[in-house]
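Below: the structure, in structure tokens.
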């Protein structure tokens, strides 16, 4: 056995799992708890970005993010059940990590904007997201930015937040499915590895 995942990375992983789960459970329990859990998730994402730049080898983005060609090649090998075992994230797993981080960040950011109306108004580009149906048209045929724009922007923002949250849930299911497949395919328990930090040492055909 070798140590792959460092303690801070493992703490981040399970803390993010917990924060997303609690955020879902508190969706209808009032905005305070839900908002603070969302802030915690954003803080965790911020930490992961920093740790991906300065952390240990297997935590760094440069170690596991692959080119599109490598991702496609790995995907083809996986369909033929001949993909190699990666000690760190495999190319598809790396894509999922990045997409999960971005979607979680976007979900948290839209939630943060929804918490206080002033935050929405402070964004100069936000009216661009509002369609003309939400605007007040004056006699000259131009749209005036007014209360209806704020309401329209808030509605669009809320819908975007919900879509991102549902997308995040779908991505999590896909991620779990990938973890189950890789655990079975390479005969190693990836959830246990993310708990203990240890994985079986690489074999001659494995990619470290």
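General remarks:
- Contact map, the range 156-179: residues that are closer than 15 Å to residue 98 by Cα paired with residues that are outside any helix (DSSP H, G or I) and at pLDDT 95 or above, Cβ distance under 9 Å, separation 6+ or inter-chain. Pairs shown: 178/90.
- Qualifying position, being in contact with a helix residue (DSSP H, G or I) (Cβ under 7 Å, 6 or more places away or on another chain) and either modelled with pLDDT of 95 or more or surrounded by fewer than 18 Cβ atoms within 10 Å (Cβ to Cβ) (or both), among 97, 71, 130: 71
- Residues (in contact with a strand residue (DSSP E or B) (Cβ under 7 Å, 6 or more places away or on another chain) and assigned to a helix (DSSP H, G or I)) located in the range 1-39: none
Here is a yes/no grid of residues against (1) modelled with pLDDT of 95 or more; (2) farther than 24 Å from residue 168 by Cβ:
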residue: 15; (1), (2): yes, no
residue: 24; (1), (2): no, no
residue: 29; (1), (2): no, no
residue: 33; (1), (2): no, no
residue: 36; (1), (2): no, no
residue: 50; (1), (2): yes, no
residue: 53; (1), (2): yes, no
residue: 59; (1), (2): yes, no
residue: 79; (1), (2): no, yes
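- When 53, 25, 16, 42 are screened for being under 26 Å from residue 202 (Cα atoms) and either over 15 Å from the mean Cα position of the chain (by Cα) or surrounded by 14 or more Cβ atoms within 10 Å (Cβ to Cβ) (or both), only 53 passes.
- For the range 170-191, a residue qualifies if it is within 21 Å of the chain's Cα centre (by Cα) and surrounded by 12 or more Cβ atoms within 10 Å (Cβ to Cβ), and the qualifying residues are 171, 172, 174, 175, 178, 179, 180, 181, 182, 190, 191.
- Number of residues in the range 80-104 that are free of Cβ contacts under 8 Å to residues at least 40 places away in the same chain and over 14 Å from residue 5 (Cα atoms): the value is 8.
The values are calculated or read from the model by the stated rules, or taken from the named source; none is laboratory data. Source: prediction; values computed, not measured. Virtual Cβ from ideal backbone geometry, glycine too; neighbours counted across all protein chains shown.
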